[in-house]
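As structure tokens, the structure follows; a few thoughts come after it.
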Amino acid sequence: MITVEGLRKTYGQHEAVRGIDLEVQAGEIFAFLGPNGAGKTTTVEILEGYRHPTAGKVEVLGADPARADRAWRARIGVMLQSWQVEPALTVRESLRQFAGYYPRSLPVEDVVRLVGLEEQGDTRAGRLSGGQQRRLDLGIALVGDPELLFLDEPTTGFDPAARRVAWQIISTLRDAGKTVLLTTHYLDEAQALADRVAILVDGRIRTEGPPESLVAGHATRITFRLADSVELPARFEPTAMADGRVELHSHEPLPVVYALTAWAVENGVDLADLQVRRPSLEDVYLDLTAGTHG
Ligand SMILES: Nc1ncnc2c1ncn2[C@@H]1O[C@H](COP(=O)(O)OP(=O)(O)OP(=O)(O)O)[C@@H](O)[C@H]1O
């Protein structure tokens, strides 16, 4: 569905994308993660045909997006980061306008319902709240019933309930056999939705794979709080200590927890809020992006 080899993009002196290789299969939900400025939008907009690569090979739905025709464009749906609708048009009018660009669009009323804008159907787009505008953007990406969807930060500005609704919609797309490439800053979103994720740092893919497999190689987190007067023996090798909070990382947590609790009981020390938890995608992300800032 998508093949990328050796993709590079330079803006003036700045190399924003520094050699990306990527394959996305039909029916997959693939998520790009990475700090601000990592090159996610640049890469996605090259795949959409809106920007041209400096070097490398890109194939999307069997064609080079930079040279693609209307028939190719009708097979993709795009949700951009920036606002793409006429503010004077109502929700229904906007969807009808975009539906007109596609040969076999979905009924506008179905899309209004799907994105939960029934009550705003006759509201002008310019009067929608930020989250409602994003829902309309999502509707616009869906209205042409495309095979491949590009969703750039689809739930930014959504309240928690609206995010769950959007996740439900994206899962429905997966069930319908669509392919989705999304970018997000929400790690829980990527963990909940994506079959595979790629973490981009400084224009390169630092790691890539199913969320569970990225997490699998990372250490279990053991966290607790200690009173100021108590000193933890150095043999526990704490990874982080601040404000009385201590974090230990271990690939074999059982003996560590055993030794730690034995030490605490012997010395009458309280391990307040003791938690042992598997690493999350967020932990992996923070480990990989430590020291970079957007
Ligand atoms: N049109 C442009 N001209 C010059 N530089 C650009 C242009 N677009 C992006 N850049 C630069 O390229 C780098 C990558 O930007 P990009 O928008 O792809 O990052 P991103 O990962 O999508 O970030 P964010 O999470 O903030 O959306 C940044 O340093 C950005 O300043």
Mind listing the Cα extents of the chain along all three principal axes, in Å, largest one first? 74, 46, 35
Distances longer than 13 Å among the Cα atoms of region 34-86: what percent of all pairs is that? 63 percent
Take the Cα atoms of region 51-140, find their three principal axes, and give me the spread along each one in whole Å, biggest first. 45, 27, 20
Of all the accessible heavy-atom surface of the chain, with the other protein chains kept in place and a 1.4 Å probe, what percent is carbon and sulfur? 47 percent
Region 219-271: C-alpha gyration tensor shape, a/c 1.5 cut-off, then a/b vs b/c: oblate
Mind checking which aspartates and glutamates have their C-alpha under 12 Å from Lys40, skipping anything on the same chain fewer than 8 residues away? Asp152, Glu153, Asp202
The chain: angle of helix 160-175 to the longest principal axis, Cα-based, in degrees nearest 10: 70 degrees
Which of Thr183, Thr207, Pro279, positive extreme of dipole for the chain (C-beta unit charges): Thr183
Rounded to the nearest 20 debye, dipole of region 2-215 from Cβ charges on Lys, Arg, Asp, Glu: 380 debye
About the Cα centre, and with charges only on the beta carbon of Lys, Arg (+1) and Asp, Glu (-1), how big is the dipole of region 64-191? Nearest 20 debye, please. 220 debye
Under 5 Å between amide hydrogens, which residues at least 5 positions from Leu200 or on another chain qualify, with H placed 1.01 Å from N in the peptide plane? Leu33, Gly34, Arg206
Under the rule of at least 5 residues apart or a separate chain, name every residue whose amide H is placed under 5 Å from the amide H of Thr183. Phe32, Leu151, Asp152, Glu153
Region 151-227 and region 65-139 have their Cα centres apart by a whole-number Å value of 24 Å
Where the convex hull is taken over the Cα atoms of region 109-241, what is its projected area averaged over directions, in nm²? 12.7 nm²
Summing -39500 (n - 2.57) over the DSSP H runs of n ≥ 4 in the chain and dividing by its residue number, what mean residue ellipticity at 222 nm do you reach, to the nearest 500 deg cm²/dmol? -9000 deg cm²/dmol
Could you give me the ³J(HN,Hα) list for region 117-122, computed from phi with Karplus coefficients 6.51, -1.76, 1.60 and θ = phi - 60°, whole Hz, x at Gly and Pro? 10, 3, 6, 9, x, 9
What ³J(HN,Hα) values, in whole Hz, does the Karplus curve 6.51 cos²θ - 1.76 cosθ + 1.60 give for region 14-31 when θ = phi - 60°, with x put for Gly and Pro? 9, 8, 7, 10, 10, x, 10, 10, 7, 10, 10, 8, 4, x, 8, 10, 10, 10
Taking θ as phi - 60°, what are the ³J(HN,Hα) couplings along region 128-140 by the Karplus curve (6.51, -1.76, 1.60), each to the nearest whole Hz, with x for Gly and Pro? 7, 6, x, x, 5, 4, 5, 5, 5, 4, 5, x, 5
Of Ala227, Leu248, Trp263, which is farthest on the positive side of the dipole of region 219-271, counting Cα position, with +1 on Lys and Arg Cβ, -1 on Asp and Glu Cβ, and the Cα centre as origin? Leu248
Between exposed chymotrypsin sites (Phe, Trp or Tyr not before Pro) in the chain, where DSSP calls loop and at most 15 other Cβ atoms lie within 10 Å, what's the longest gap? 102-294
What residue among Gly100, Ala141, Ser129 has its Cα farthest toward the positive end of the dipole of the chain, where the charges are +1 on Lys, Arg and -1 on Asp, Glu, each on the Cβ? Gly100
Pairwise label distance in nanometres, Glu231 with Ala66, each label 7 Å out on the Cα-Cβ vector: 6.3 nm
Relative contact order (%) - criterion: Cα under 8 Å, at least six apart; region: region 219-271: 42 percent
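The values are calculated or read from the model by the stated rules, or taken from the named source; none is laboratory data. A quick note: this is a predicted structure, and the numbers were derived from the prediction, not measured. Don't worry about glycine lacking a Cβ; one is built from the backbone with ideal geometry, like all the others, and counts go over all protein chains shown. Protein only, heavy atoms only, side chains kept; ligands, DNA and RNA dropped before computing areas. Shrake-Rupley method; radii C 1.70, N 1.55, O 1.52, S 1.80 Å.
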